[in-house]
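Working notes, beginning with the structure itself.
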């Protein structure tokens, strides 16, 4: 029988003060933020041809890959601090501030005239977005302790995929209007929505975690506690390896499809984002539901469901990398999306089985740092491969082997019995 956890912090002990419906309203309020978070970053990849034509100082595909990687590297470097700030401060203000700044940078990207100006906006966008995901997922995890945690995370992750899919609209906007308009419109939308969150989003803590007391002391110990845990370090490695393929698909699949099947950037962008992300939504929702149900019989339920999703990604990437027709490529994209969605929906819930409530944002930030930093390196390598006329299909096939290693490693992760008794799911 799955019991609700005995909550082990000031922040979690106050959940009962909120109406039950508000726990899902929080997920609903954050869904559009997750959407904008990924839409704003994805548009660059889907408008490559128009941006390069308009900004001559972006000299080659390696330079364009550097723009994508610059966002990822700044995002990665700042992520642990972003998660730590979310653990220590009022998460409501961290989320709203992050949305406001990255939306302003999205808007300003439309004004960029040189590679240097584009690089600055991407870098600041990476810094500001780094505060959102660890903080938002930690907030959702605290509002949904136990029975609904994976499902709530899956719904939020679906917002990420919706943003990726809508990012494909950038190619059509660039073809029919101007690539700059896409950045103006979606940047303005984020600025407006920040006001909506200011009115309706609430932290689940009746006080700041920075208030003197045990939660504050535990938050300050986050880095040594996490880095001293072998289970957490193994989870970081698992989070990183399959994500390499995820970043390869996000950043280079539109270009791969356009080159391999002679598509314009609009159809290529929508195909690259549409099939994968729709399948990711299905995979995330199914993975979240199966994981919560699997926890009824074993505390490793979320680990098993996540591993199964990662295993699905391996044949999918091999199919995609060696596709001889668009139909086969679509099959590979759909299979990859289902598997990656199940993987993505359960990362924070698995972290909750290893880390205290006061450490979750920091933990996810560390995971982001390693994963995205590695993904950025792979993105640049793929761009250099293109400059040497090496097919991106080889990069996709190589990432399949990396994902396979990750799928095996996660099976060695053991949930902490101590943490399970202090704020996570528990079998009785």
From the option list 76, 112, single residue qualifying as surrounded by 22 or more Cβ atoms within 10 Å (Cβ to Cβ) and touching a helix residue (DSSP H, G or I) at 6+ places or on another chain (Cβ under 8 Å) is 76
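Can you give me the number of residues within the range 382-396 that are surrounded by fewer than 17 Cβ atoms within 10 Å (Cβ to Cβ) and in contact with a helix residue (DSSP H, G or I) (Cβ under 9 Å, 6 or more places away or on another chain)?
The first filter runs over the range 382-396 and keeps only residues surrounded by fewer than 17 Cβ atoms within 10 Å (Cβ to Cβ), leaving 384, 387-391, 394.
Among the residues that remain, those that are also in contact with a helix residue (DSSP H, G or I) (Cβ under 9 Å, 6 or more places away or on another chain) are: 384, 387, 390-391, 394.
Of the residues in the range 382-396, 5 are surrounded by fewer than 17 Cβ atoms within 10 Å (Cβ to Cβ) and in contact with a helix residue (DSSP H, G or I) (Cβ under 9 Å, 6 or more places away or on another chain).
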Only one of 154, 162 is surrounded by fewer than 24 Cβ atoms within 10 Å (Cβ to Cβ) and in contact (Cβ under 8 Å) with a residue 40 or more places away in the chain, namely 162
Determine whether residue 373 is in a helix (DSSP H, G or I) and within 14 Å of the chain's Cα centre (by Cα).
yes
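Wholly within the range 167-226, which helices (runs of 4 or more DSSP H) include no fewer than the required count, namely at least 3 residues that are buried (at least 18 other Cβ atoms within 10 Å of the Cβ) and at pLDDT 90 or above? Before the answer, list the steps.
Working: elements: 169-176, 179-200, 214-220.
Of the helices (runs of 4 or more DSSP H) lying wholly inside the range 167-226, those with at least 3 residues that are buried (at least 18 other Cβ atoms within 10 Å of the Cβ) and at pLDDT 90 or above span 179-200.
Regarding the range 237-256, can at least one residue be identified that is outside any helix (DSSP H, G or I) and crowded, with 23+ Cβ neighbours inside 10 Å? Walk me through how you get there before you give the answer.
Residues of the range 237-256 that are outside any helix (DSSP H, G or I), as a first pass: none.
No; the residues of the range 237-256 include none that is outside any helix (DSSP H, G or I) and crowded, with 23+ Cβ neighbours inside 10 Å.
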Any chance residue 309 is more than 30 Å from residue 88 (Cβ to Cβ) and surrounded by fewer than 24 Cβ atoms within 10 Å (Cβ to Cβ)
no
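Filter the range 368-381 down to the residues that are in contact (Cβ under 8 Å) with a residue 60 or more places away in the chain and surrounded by fewer than 21 Cβ atoms within 10 Å (Cβ to Cβ), then identify the one that is farthest from residue 75 (Cα to Cα). If you could, list the steps in order and put the result at the bottom.
Here is the first cut: in the range 368-381, the ones in contact (Cβ under 8 Å) with a residue 60 or more places away in the chain are 368-380.
Adding the requirement that they be surrounded by fewer than 21 Cβ atoms within 10 Å (Cβ to Cβ) leaves 370, 373-374, 377, 380.
Numbers: 370: 11, 373: 8, 374: 12, 377: 13, 380: 16 Å.
Per the stated criteria, the residue is 380.
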Only unsatisfied item for residue 377, checking (1) touching a helix residue (DSSP H, G or I) at 6+ places or on another chain (Cβ under 8 Å); (2) within 21 Å of residue 154 (Cα to Cα), is (2)
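The values are calculated or read from the model by the stated rules, or taken from the named source; none is laboratory data. Note that the structure is predicted; figures quoted are calculated from it, not measured. All Cβ positions, glycine included, derive from the backbone under ideal geometry; neighbour counts span all protein chains shown.
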